[in-house]
Structures are given as C-alpha cells and as structure tokens.
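Below: the structure, in structure tokens.
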C-alpha cells in the first residue's frame, strides 16, 4: 500500500499513489517478494544521465541500500551507476521485477540488468511510468495537493499574495502563477501544502524557485504553518526577519543558500517545536554566543555550516544540552578550539547523536574525550580539515555502529591504525592528506573482515580514501581479493607501486578511482575495462606512455570525470567513423548515454586535430575541458554551440592555429577561457562578448590583431584576470576597460598599443582593496567560483586554479597558487605616451607595476609612496625626467626596482630598500647619482655652504675654533722656547760661559773658512 498523510490518492491498478508523493513505501504482503522499501525521487541531475527520470533505492534485509540511477531511452531502462551489492539479495530484487533470479556472476550482472529492465512486462517499471506520466508535478518537486474539494482560507490566500509582492518582478519564479484567475484556490498553487480537512496552509516549500526580494511579515497570517523552505533563493543580503521566531508551530525551517546577511536573530530560540533548522551557506554571524540555541529542546537536525561562529566559545556546551539532537553540521564555521571540557553538562546523549560534521574548523585533538561519549550510536563522523594532531586514538575502535569516518586534511601521524579491523560496520574510511605512514598492505589486511564472537564476517568497506600520506609498499591484486564491496578507491600521492596483471578481473565494481602518482605505467591499465559502473577516474602522473585503447573511448560514454594528465600518452583521437558527428542540419547525432562532464588530458603528447571529438555528441555534457600542454594542431571547429554547459576551456600551449570561430555565442556559462601560446590570429570574435560571466581570459602569446575591443570592458565586467600579452593589438586603451571593477591582473604588454594611460584607471577597484571580490559564487549545482579558482563537485572535489605567466621582478613566472592575493598591471613594451597618471597610485593593493619599454614622459608622481604593498616596480626605458620622489623610500615591501634608461636626475633617495637595490636598475640616467649607483654625488667633498638650514654658520664656527687653537699653540711655543733657552743661560753660569765660548769659536771658524774659500776661488778664476 502507498500512503501519504493529508493527500488524495490516485488509484493505479491495485496500488494507491499520491499526487503529492515524494517517497514511495511498498509494504509487502505475507509471502510477497517485493523489496522492503523502494524510494523514488527526481534528482534533476543531468550530469549523471541527461534523461534521468528517477532513482530507485532498494533496501534488502540485512544488506543495506542498493542505489541505481536509470534513465529511459529507446524503450529501455538504462542503468547509470553501479549495482555492486545487487547480487547479495537476488531473490528479493528479481522477484519484484517479475523474474526468477538469474544464475550470473558479477561480470554478467550489468548486461543482465539492462536486458531484463528492457522488457515490457515489468510491473515495477510500468508503475513508475504511469506515475511519471500522470504525476509530473510530483516527480519534479512541484507538488500541490490538487484536491479541488479543499478550499484555502481567504485570509491565508491574501497573506500569500502579500508574500509574493516581496519579490521583484521577473524574479518571482513559479510564484508568478499565484493568484491567476484560472486557479484561485491557493491549495493548488505551486509549493503550497494544505490540510485536506481545514484548508489551512501547512507547508510552504519554495526552495530553488528563483526568487529575489525580501521575506514579507505576512507569513504571520499563516498560524498553522509547520514547514518553511526558502532555500536556494536570493534575498539580496537582507537579514533574517525577527518575526520568524513568532511562527510558533514551525517544525522545519530551511533558509540555506539564500544570500542572507547579518546576525542570527535570537528570537529563533522561541520556536520550541522546531525539529529541523538549516541556515547554512549564508553570510550570517552571531553577536555574542549561541545561548538562544539551547532553548530549541525539540531540535533533531541542525545545519549551521559555512556561518561565522568564531565568537561562539560556548558552542560545545550548547549543543551538548540538546537532548534530541541527532544530526549536527557545523562545517566551515571557524569554530574556536575547545580548551575546557570540565564545564560541559554530564548528560549522556549517546542514543541521540548519530551524524556529526565539524569539518573545516580549528578543532584539535582535545575534542576526542567529548566525542567518545557518543560512541554507542554514532554512525557518521567528519572531522576533516581541522588541526587534529598526533596518532589516531584507539578509542575509535569502540564505535561499533560507526559507518563513516572522515579525518582528511589534518596533521595526523603514526602507523596504520589496527582498530579498523574491529569496526564491523565501517563502510567509509577517509584519511587523506595526513602524515600516516607504514605499509598499505597491512591496512588492507585489517579491513578484509572482522570477527564477532569467533565468527569471521566479510568486509563491508565500500569507500577507502588514503591519498596524500606517507604510505608505501607494492600492491598486487591479491591484496584486494577480500574487498568485494569496494566502490571507491583513492590511494593517490603516496609512495606506492601498483602491479596488476593484464588479465586481472577485480572482485569489485568501482565507481570512483583515484590512483594518481601510483606508478601504474607504462602500459594503459587494461583491468579498467572490467569496471562497468566507473564514473570518476584519475590516473594522472603515472608514467603511462601507451596509447589509449579504443575500448576506453567507448567507456567514456558512461564516465563522468576523467583525469589522465601529466603522463606521456602519445595517441591521437579516433576518426569520424568512431565519433558521431552532426547531421546535415548541424544537429549532433545522439549516443545512448553522454555523461562525460570533466575531461583533463593536459600535459601529454596528444597530437592531431580536435575536430571530430569536439563536434561529436561525447562533448555535449562537458563542463570542464583541458587539453593544454599537448601537441594538437589545426584550427578550432565551429561546433561549440552544443557545449553550452562549458565552464572551463583550456587549450593552452599547443600548435593550434587559424581564427577563433564564432562558437562563443552559445558558451554563456563559460568562466575560464585559456588559448595562450598557440598560433591563433585575426581579430577577437565579436561573439565573445556573449560570455558575460568570464572571470579568466588568457590569450597571451598568439598573433591576435586589431584594435583593443571596447566591448571587453562593456560586456565582460566579471573579469578577474585578463592576459593579452605578446599579440598584435593596436590603438589606444579604451576607456571602457576602466569598467572592469573586478580585475586583479591586467597584462597588455608586448603589443602595439599607443596613446595615454587613461586617468580612469582608478576605477579598477579590486586593485585597491584586499579580498573584496573573493566571495563564493554558485555557478551550477556542480561547480562554484571561489576567488580565483573553480571547484567542481563530482562526488568529491576537483579544483581548477587560475594560472598564468606573470612578469615578476624582471622574470616571467607561471603563477597559480595564491593568485587571489595577486594584483598586477603590466603595460610594458608598447607605444604609450604622455605622463604616468597619478590616479594609478590610488590602487594601493598593487603588488607589481610594469610600464617599461614605452615612451612615457614627465615626472614620476610624488604619490608613488601610497603603493605600500608594491613588491616589483619597472619604469625602465621611457623618457621620464626629474628627480626620484622621496616617498619611494616608504615602499617597505619593494624588492625589485628598475628605473634604468630614462632622463632622471639628482640624488637617489636614501632608504633601506633603495640602498640594497641592484645598481643596474638606475643605469642610463646620466644625471642620477648616489648609492647604489655611485658612491657620492658631485660636490660631496666640499662644504655645503649653500645649505638653507645653517650649513655656512656651522662652517664659520669650525674655522674660528681652529684659529684660536693655532694662536694659543704659537704663544705657548714661544714662551717655552724662549725661556727654556734664555732662562737656563741666565741662571747657570757655567752654561752661560760654555754658550758664549761656543759662539766665539763658531764665529772664528766661520771667518777662517770664508777667507780660505775666497782665496781658493780667486786662484781658480786666475788659472
């Protein structure tokens, strides 16, 4: 029997089906072989299957859920992902489909399922088809009760219309049909659920309705409202209304992903009946504490993830006082670390809390004592991306009910934890990006099964993620023989060597494989051909030098994520006989399941043309395509109109040539376009302006020509990085480029751009503020933009980081990591004239400024000292004159400066960063002097008599002091010399007689000598 409360059933044969159904429960009669439970829900997931109708989850007694995702095509029900556990309860499954259980091995299971599900006699399939045809609104989450005999209350109808007025026209989504003359009964409106007896509005489910506006207080006129869901709408950074705390009957409140801002109102604590509260992923915060939360005594499910709770020092004490809490999600809340556990209430909640997510916080190992109090009933723990250190406590081994343990991205170390062998219920073990060491083979042995009361139970491990650790050893197929339930395996970035034979058939069917850097090469792993349900594959950096076999290209039709980058794969692409190409009307021919969404084949040796691949139906579902750093040649085909979901397109560093076709008309979701380092030419296609959401545009190192388009600033206002380096653009810098308020990196260097630097450059405000535009932006349900990186969700996370070449400190570097902090302007090697506008120095977060190789004139503006964050400055090879501004010494982070080959003059200002600079940065300025260019300036050896601050006065004082000392010395010398000689002769008689006798003898000697010498000279002249 199918049953739902407060709805009118529709009879389908002997089944009762609701028009407002969201789940189906099949209660089997005695002796029936129907499954215990079967759920149907429209997941709206075109990335899994473009024609997905529903998913089925079958619960078999004692074996847990089995999930498969079918879609309808060609009269068959095709399975989109694995049924690795289906063979464990074949009688229940196959009997429910009207068939006897087949005698098949695991390798035959997928084809058998597809074959059997394609039959017309399937009772279950027929029931779902009737349900889908008659109840489209139910399966699409647009369920009104649809009972015309129940009329809504007029007062509540008016309140709903008033609520609708709070949303802007054009952003009312499905609410636009409210109040139409064709349907006045509000109980039949989209998203409204009424009591089928009284007509009172009970539930308001408007999630994902595309609404934009405010939440109207008219909701207070709905006194019996028990459920309010406004998630995934846009409330334009408004606050959560305080009046919501007065809707006393609310049991379910969901305001997640609603662009709300401000403090969380403490009035929400008045909702004593509230059982589910979701406020996650908004710009909310708390004022002081979470005390209001402790009043929600009925709360069972609490999700405050991605809300700033760094002020909530009482968070652990508050959540410990919620006796019915079973699901707690405080991920990415910036929680303060726990320091004191003694003040926590001594209450045993071990029978309530089952799911705990504290990931991406500042939690340390001090949380463990509190955590182990819940050991009896915890089912799921996520402590990833925290500050856990030391070894993993053995107390985890006492959590007998634990099914999921996630400890990724911490500082855990030590050997392999042996306790995992005692956790019989453990299905997911994830400890990636830690410092765990030891032999991987030992851990796999521990996980191969557990013993309970002496009975050996087989392993139930389904997900094993141990990437980015210090594990080592050689792994062969024998190590995995005891893991038949495994469907996810991640061993990337360890010191492992995986050696599997070519004919190995694994005992499991994997959905996700991440074996990056595991030394799988040089041959392409053939055992992958046995994994029919594989969705995500990463075998990058494995030294594979083989070509890709044809069977793998066929398998790409069911794969979702492929990463084969950083290998040496040398093959080209199959020819047009393999790839379906467009028909004569330009429409692509369909293949049976184009599910490939993320494809990364970068850094290999692929060659040839992309035409057949890009024009095939295989490319229609792509959102990420990276062929960079290969040897591709030829031009781009004009068939990108079918790739309307592309978010990232990277074809950099190849040998592609020709003009860019007008394919960009259809790429309205494109965020990243990198065609750098190819041989493209011609003008930029006008259709590129339709990519209004572009954040990253890299066309450097090509031969593009024409004037610099003004529409770049007019239409591509979301640009964060624009790199047009080394092309052939000419003309002036258009004023419209100043409209790029989000730009953080602007490179127009090595072109033929002329004219002045526009004074409006100060409008590039992202270069004036730090982290202003790094707010997370949802692109699709599969991807979001976070600053300068795009994160793709594919069961895990795949991150594409913006990267480009940056002229940094005189050299060119490929810059990617931490690009969010980069602020750069490079206009070098052009023909720019005029003066450097002073407005450029209002961009105070600039880290590099390069205007070298132009014809700029005038003075260097005195405001250059405002660029406090500047690290690299290059103004060389211009015609700048005058002195270097003294304020340049205020650039404390400046580590590279080049002012060479200008007409600068005067003394180089004195400062620490200037004096240690390279002297080559000042050469070519003939009138420039001072360290570090020259030791002194001309005239430094002479007194500076022209000093306006008293230099002449100081010099005169020094001269007078010298003369005074000279005269005093002469006087003292005369006195000492005269009286030293004369005084001695006067006082000593014998000295006096000896002195005068000596003088008399000397006189006689002189006279005799003179007479003799004169007589001798006379004789000489006479002779």
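Observations, loosely collected:
- Estimated from the Cβ-Cβ distance and a Förster radius of 35 angstrom, the FRET efficiency linking residue 1010 and residue 976 is about 0.50.
- Segment 150-279: C-alpha gyration tensor shape, a/c 1.5 cut-off, then a/b vs b/c: oblate
- Cβ-to-Cβ counts within 10 Å put 423, 970, 855 in ascending order as 970, 855, 423, the fewest first.
- Cα gyration tensor shape of segment 329-483, rounded if a/c is under 1.5, else prolate or oblate by comparing a/b with b/c: oblate
- For 169, 203, order by how many other beta-carbon atoms lie within 10 Å, fewest first: 169, 203
- Extension gain, residue 913 back to residue 391 (0.36 nm per residue minus Cα-Cα distance, nm): 183.3 nm
- The modelled label-to-label distance between residue 991 and residue 776, using points 7 Å beyond Cα along the C-beta direction, is 10.6 nm.
- At R0 = 41 Å, FRET efficiency that the Cβ-Cβ distance of residue 735 and residue 903 yields, to 0.05: 0.90
- For the pair residue 644 and residue 756 in one chain, pulling the backbone fully straight at 0.36 nm per residue adds 36.4 nm over the alpha carbon distance.
- Distance between modelled label sites at residue 1022 and residue 224, nm, 7 Å Cα→Cβ extension: 16.7
- Potential extension, residue 692-residue 707 segment - 0.36 nm per residue separation minus Cα distance: 3.4 nm
- Exposure proxy order (Cβ contacts within 10 Å, fewest to most) of 526, 418: 418, 526
- Gyration tensor verdict on segment 600-929 (Cα atoms; rounded if a/c is under 1.5, prolate if a/b is larger than b/c, oblate otherwise): prolate
- Rounded to the nearest 0.05, the FRET efficiency derived from the C-beta distance between residue 435 and residue 474 at R0 = 22 Å is 0.55.
- Spin-label pair residue 501/residue 451, simplified geometry with 7 Å Cα→Cβ offset, distance in nm: 3.1
Read-outs throughout are calculated quantities, based only on the coordinates presented, and are distinct from any laboratory measurement. Computed from a prediction, not measured in an experiment: that's the story for all the values here. No Cβ is skipped: glycine too gets one built from the backbone with ideal geometry, and neighbour counts run over all protein chains shown.
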